[in-house]
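In what follows, a structure is listed as structure tokens, so that the remarks can point back to it.
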Amino acid sequence: TQYGRALEYASVELKNDREMVLAAVTQDGEALRYASQQLKNDREIVLAAVTQYGRALEYASVELKNDREMVLAAVTQDGEALRYASQQLKNDREIVLAAV
């Protein structure tokens, strides 16, 4: 059985390997927690993670927590993800409506 969070045990080098991290977060969005800081700011990787597990937004870069498309994808998957959105987007009617 594949286990995306196995990324936790991977080397630092592999935690910064785009292909490896994309495979992990596609299987289990929470694996974003173990990705390198650089990849936590990669739109494609973070979007794959929050689409699979909305609350993975917690591990995204500050910049992506303020990205409307990213936050909308996250709260659509799991309304609880609103907790990790930027203050500005917590005041966005469409986003909050998607969360509730």
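The values are calculated or read from the model by the stated rules, or taken from the named source; none is laboratory data. Computed from a prediction, not measured in an experiment: that's the story for all the values here. All Cβ positions, glycine included, derive from the backbone under ideal geometry; neighbour counts span all protein chains shown. Ligands, DNA and RNA are stripped out before the accessible areas are found, and what is left, the full protein with its side chains, is counted by its heavy atoms. Shrake-Rupley method; radii C 1.70, N 1.55, O 1.52, S 1.80 Å.
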Over the chain - Rg/Rh using Cα atoms and the Kirkwood inverse-distance radius: 0.99
task: Give the long-range amide H neighbours of Gln38: residues separated by 5 or more places, or on another chain, with amide H under 5 Å away, using H modelled in the peptide plane at 1.01 Å from N.
output: none
field: In order through the range 41-47: 3J(HN,Hα) via Karplus (6.51 cos²θ - 1.76 cosθ + 1.60), integer Hz, x for Gly, Pro
entry: 10, 8, 4, 5, 5, 5, 4
- prompt: Assigning unit charges at the beta carbon (Lys, Arg +1; Asp, Glu -1) and nothing else, what dipole magnitude in debye, to the nearest 20, does the chain show about its Cα centre?
  reply: 240 debye
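Can you compute the helix-only [θ] at 222 nm over the chain? Use -39500 (n - 2.57) per DSSP H run of at least 4 residues, normalise by all residues, nearest 500 deg cm²/dmol.
-12000 deg cm²/dmol
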- prompt: How large is ³J(HN,Hα) for each residue in the range 7-15, as worked out from phi by the Karplus curve 6.51 cos²θ - 1.76 cosθ + 1.60 (θ = phi - 60°), to whole Hz, x for Gly and Pro?
  reply: 3, 3, 9, 6, 5, 4, 4, 6, 5
field: Helix 68-77 vs. the chain, principal-axis angle (Cα, 0 to 90°, nearest 10)
entry: 80 degrees
- request: Provide the per residue accessible area, probe 1.4 Å, for the chain, rounded to a whole number of square angstrom.
  value: 58 Å²
statement: Carbon and sulfur atoms account, in whole percent of the 1.4 Å probe accessible area of the chain, for 47 percent
